[in-house]
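Below you'll find the structure, written out as structure tokens, and then a few comments.
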Amino acid sequence: MNKGQMPVPNGEEKALAIFVSDIDRTSMDIHAMSNFISIGIQSVLDGLRKQESAPIIDLEPGDFNVIAEAVKYGKAVLKGGYEYLPDFERLPKEVRENLEKGIYTIGESKQVDGNLRAVILDENKVRVKDVTLKRVVRTADSTALMQSMAMQSQLRQMNEKLDRIIEMMGYQIDLTRNSEFFKPFFNARDQIVLAQNEADSEKRRNYLDTAIKNLENGINAIYLDINTLSDRFMKSTRWPIFRHTDAINSYIGYIAEDLQMLVRYNTVLMQVFDYMGKTDDRRDTYDKYRNYMLNFYKNPVGRKKLPMPLQIHNAYAYTAENKDAWYMLSKEMVPILDSGTELQEMIIIEVEDIKDGE
């Protein structure tokens, strides 16, 4: 057995690769690490792409708008019962930026094998990238991968939305929160790195079991902290006058950081469960997270009987740059959380370089 590998249920072996760079393995700054959410998604995509049931398919005219939306924003799009999923890590950043700005567009071409194909066109309508769709049908082998893909795609979207809010607020993490909520994450990271470097399967499993305990402890601490912060926030905003604005803004900042840390904790924990073949534990972890977040975004609280994000929306001192950020967060998060993860069919969107001679 190769270093850093463990048998999986179908008898194959796969590498454990969550913290992959030198910074990932040694840094004490979580924001300096690789995007391990994207790493997890790419790992699942690679597994799905290898399925025998993933042939290249011909495009229909209605596919082009869906492809444009998915590639432009780097997100999954559900359309007509299919999940259209862009190959995130292989989508060039400059291509996405130019699509978002409207410089590049999605067009159609019949230059590849005589079939209708989607292509990315520059401002001069010159073909710069080809687009391929691969259909993955739900089978015994692909079921767990498709479910994992749907979960991690949802977590990715939530992480990116929270990232923008935290950046706009200019929130800085203080020493107490570093110790309480980041220490378990780094402890788990160190155990996972040991597992990645370990050739003995029993020792590797022991490292991962310890990592799971650290991750679960950190997750539960954050759930409790969000509850406490929400209570403190509601008490501080009970009366419209004599408010301590600095304290209120601090509570909001802490809640935003907690929400993002929950995404990152759960992403790593689910990847560990995936690697160990513990699909039921992965499902339970996501269900716990999903149910908690649906309660946070939907359950009415306080005298006004509004969900917590809308309570924050009414109390936060917005600027021109982050106007209605919490309102929009609530509006966008609920559909993501309400969407299912039991997919019957998935279409992977691959962006490719133009081949020589075409």
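For the reader, a short list of remarks on this structure follows.
- Top-ranked residue in segment 163-182 [being at pLDDT 65 or above, under 17 Å from Asp225 (Cα atoms) and under 22 Å from the mean Cα position of the chain (by Cα); ranked as surrounded by the most Cβ atoms within 10 Å (Cβ to Cβ)]: Phe181
- The lone exception for Gly62 - which of (1) at pLDDT 70 or above; (2) out of contact with any helix residue (DSSP H, G or I) (no Cβ under 8 Å at 6 or more places or on another chain); (3) surrounded by fewer than 13 Cβ atoms within 10 Å (Cβ to Cβ) it fails: (1)
- Filtered residue count, segment 222-240, keeping only those that are surrounded by 16 or more Cβ atoms within 10 Å (Cβ to Cβ) and either closer than 24 Å to Met276 by Cα or touching a Lys or Arg at 6+ places or on another chain (Cβ under 8 Å) (or both): 2
- Checking Tyr265, Tyr327, Tyr316, Tyr286 one by one, the residue that is out of contact with any strand residue (DSSP E or B) (no Cβ under 9 Å at 6 or more places or on another chain) and closer than 18 Å to Leu229 by Cα is Tyr316 and no other.
Here's the yes/no breakdown for (1) assigned to a loop (DSSP other than H, G, I, E, B); (2) at pLDDT below 90; (3) within 21 Å of Asn291 (Cα to Cα):
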site: Ile192; (1), (2), (3): no, no, no
site: Arg204; (1), (2), (3): no, no, no
site: Ile212; (1), (2), (3): no, no, yes
site: Ile219; (1), (2), (3): no, no, yes
site: Arg232; (1), (2), (3): no, yes, no
site: Ser250; (1), (2), (3): no, yes, no
site: Tyr254; (1), (2), (3): no, yes, yes
site: Met270; (1), (2), (3): no, no, yes
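- Checked against the criterion of being more than 23 Å from Asp338 (Cβ to Cβ), touching a helix residue (DSSP H, G or I) at 6+ places or on another chain (Cβ under 9 Å) and either among the hydrophobic types (A, V, I, L, M, F, W, C) or assigned to a helix (DSSP H, G or I) (or both), segment 282-291 contains not a single residue that satisfies it.
- On inspection, Thr285 qualifies as polar (S, T, N, Q), in the same structural domain as Leu224 (by TED's automatic domain parsing) and buried (at least 19 other Cβ atoms within 10 Å of the Cβ).
- Selection count where residues are polar (S, T, N, Q) and part of a strand (DSSP E or B), scope segment 292-318: 0
- Residues in segment 252-281 that are in contact with a Ser or Thr (Cβ under 7 Å, 6 or more places away or on another chain) and farther than 13 Å from Ile222 by Cα: 4 in all.
- For segment 194-221, the candidate set comprises residues that are among the β-branched types (Val, Ile, Thr) and surrounded by 20 or more Cβ atoms within 10 Å (Cβ to Cβ); within that set, the residue that is farthest from the chain's Cα centre (by Cα) is Ile212.
The values are calculated or read from the model by the stated rules, or taken from the named source; none is laboratory data. None of the values given here were measured: they were computed from a predicted structure. All Cβ positions, glycine included, derive from the backbone under ideal geometry; neighbour counts span all protein chains shown.
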